[in-house]
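A quick write-up on the structure given underneath.
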Amino acid sequence: MNHFGRLFQINIYGESHGGGVGILLDGVKPGIPLSNEDFLIDLSRRKSGGLGTTPRIEPDEIKIVSGVFNGYTTGAPILLSFENTNTKSKDYSNLIDQPRPSHADYTAHVKYNGFNDYRGGGHFSGRLTLGLVSAGVVAKKMLKGVVFHTALSNLNGCSDKSKYQSILKNAVENHDSVGGIVTLTATGVEVGIGEPYFDSLESTISHLMFSVGGVKGIEFGVGFSGTSLKGSEFNDKIIDREGKTSSNNNGGINGGISNGNPIVVNVFVKPTPSIGKPQDTFDFKEDKVKTLEIEGRHDAAIILRAMVVLEACLAIALCDATLIYNSYKK
């Protein structure tokens, strides 16, 4: 449900327009230096304000409620919280009868018998990713020697970065949205991380990635491009005693277990479903299809702010898998 992890555990909570959002961490080792300043870089990467992002500006000031004493983690659960301060709930009142296309409005209403908080997407809002980013910061601290690199490798079908700004500008001017692909790389991951079958490293990474709203696809290594390769071309030849390979088509994972090469993940994030263009969708009150005009403050390219969230998810998955591996490692 709202819980993930076997040893490095996270429990997420909150709604977009409720009192606040946050995350509860358990399994964090004692003695790790941790302060509010440690979260600033990644939280700033998630902030809005640039071209293609929502005009909703929140301070996103983190509050460490528990689990840290005298600047160090205690080993007790760590509660990280954020207050909601800039909300305009009236923007969403019309969505009770006419849910937004490709959003969670309709499915959440049915699942929770109409008792769900629909304002700003409620519990399904991207605002909850503040907790994931925060958990990722702690996970990275526990993953000593692992370095993450995250890049936008495709926007609206274009891989030419020099065209990204014009694509974003066009989407904003036309009250539309765009999606794309984020490429994540983790180097320095030791060999042996990941468990057979249901807890394979691909499975646990994918599990977390798909918890992020808007994620619709994932690839490891060359992914679906590998369909054009023969086995002799796809296979990664081992070239030294450390397991280094001449290529990395498998994305650093064999048999669901890390092989010591960089973990490479490509994630497809769909265009933001909330757009300014009028859309035809069903009105349940009038029992017919009507034009919906969505108000509120939305991202033309949620993928821009999702990049650090996906990086956090990768870190969380690797942290939990590493703790599991080391729990029985000689």
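The values are calculated or read from the model by the stated rules, or taken from the named source; none is laboratory data. Keep in mind it's a predicted model, so treat the numbers as computed, not measured. Note that each Cβ is placed from the backbone with ideal geometry, even for glycine, and that neighbours are counted across all protein chains shown. Remember, those area values only see protein heavy atoms, side chains included, never the ligands or the DNA or RNA. Shrake-Rupley method; radii C 1.70, N 1.55, O 1.52, S 1.80 Å.
When a/c reaches 1.5 or more, the comparison of a/b and b/c decides; with that in mind, is the range 29-182 rounded, prolate or oblate per its Cα gyration tensor?
Values: a/c = 2.23, a/b = 1.29, b/c = 1.73.
Cα axes put the range 29-182 in the oblate bin.
Take every Cα pair under 8 Å in the chain that's 6+ residues apart, average their separations, divide by the length, and report that relative contact order as a whole percent.
Numbers: 678 pairs, mean separation 77.0, N = 330.
Dividing the mean separation by the residue count of the chain yields 23 percent.
Might you tell me the accessible area per residue for the chain, computed with a 1.4 Å probe and given in Å²?
Details: 16550 Å² over 330 residues.
Ligands and nucleic acids excluded, the figure is 50 Å² per residue.
Hey, which aspartates and glutamates would be in cross-link range of K111, C-alpha to C-alpha under 19 Å, not counting anything within fewer than 8 residues on its own chain?
Hits, sequence-local ones excluded: E15, D97, D283.
Going by average Cβ neighbours within 10 Å, how do the peptides 67-76, 115-124, 138-147 rank, with the highest at the top? Please list the in-between numbers first.
Details: 67-76: 14.5, 115-124: 20.2, 138-147: 18.2.
Per-residue mean Cβ counts within 10 Å order the peptides as 115-124, 138-147, 67-76.
Excluding residues fewer than 8 places away in the same chain, name every one of the aspartates and glutamates whose C-alpha is closer than 14 Å to that of K63.
Excluding near neighbours in sequence, the set is E37, D38, E83.
Mean separation of Cα pairs under 8 Å and 6+ residues apart, divided by the residue count of the range 154-246: what relative contact order is that in percent? Present the calculation step by step, with values, prior to reporting the outcome.
On the way: 38 pairs, mean separation 12.9, N = 93.
This gives 14 percent for the range 154-246.
Using just the helices of the chain, give the 222 nm mean residue ellipticity in deg cm²/dmol: DSSP H runs with n ≥ 4 each add -39,500 (n - 2.57), and the total is spread over all residues, rounded to 500. Numbers along the way, then the final one.
Numbers: 7 runs with 77 residues, N = 330.
When only DSSP H runs of four or more count, the value is -7000 deg cm²/dmol.
Once neighbouring chains are kept in place and the probe is 1.4 Å, which whole percent of the accessible area of the range 114-231 is contributed by carbon and sulfur?
C and S fraction of accessible area: 56 percent.
Determine which lysines satisfy two conditions relative to K290: a Cα distance under 17 Å, and not lying fewer than 8 residues away in the same chain.
Counting by Cα, and skipping residues close in sequence, K290 has these lysines nearby: K277.
Among K29/K270; K140/K329; K47/K216; K141/K169, which pairs are too far apart, with a Cα-Cα distance over 26 Å? Walk me through the numbers before you get to the answer.
Numbers: K29/K270 36 Å; K140/K329 21 Å; K47/K216 22 Å; K141/K169 37 Å.
Those over the limit are K29/K270; K141/K169.
Taking only the alpha-carbon positions of the range 126-211 and ignoring solvent, what does the Debye formula give for the base-10 log of I(q)/I(0) at q = 0.16, 0.23 Å⁻¹?
-0.89, -1.23
For the range 231-330, take the convex hull of the Cα atoms, compute a quarter of its surface area, and give me that in nm², please.
On the way: hull surface 48.4 nm².
Averaged projected area of the range 231-330's Cα convex hull equals 12.1 nm².
Which trypsin sites (Lys or Arg not before Pro) does the range 210-254 hold that lie in a coil by DSSP with at most 13 other beta carbons within 10 Å? It would help to have the intermediate numbers written out before the result.
Values: sites: K216, K230, K237, R241, K244; in loops: K230, K237, R241, K244.
Sites meeting the loop and neighbour criteria: K230, K237, R241.
Kindly provide the chymotrypsin sites (Phe, Trp or Tyr not before Pro) of the range 232-303 that DSSP labels as loop, not H, G, I, E or B, and whose Cβ sees at most 13 other Cβ atoms within 10 Å. Each step should come with its number before you reach the end.
Values: sites: F234, F268, F282, F284; in loops: F284.
Hits after loop and neighbour filter: F284.
Dividing the alpha-carbon Rg of the range 207-261 by 2.2 N^0.38 Å yields what? Mind dumping the intermediate values first?
On the way: Rg = 13.4 Å, N = 55, 2.2 N^0.38 = 10.1 Å.
Taking the Cα Rg and dividing by 2.2 N^0.38 Å, one obtains 1.32.
Using only the alpha-carbon atoms, what does the chain span along each of its principal axes? Please give whole angstrom values in decreasing order.
67, 54, 37
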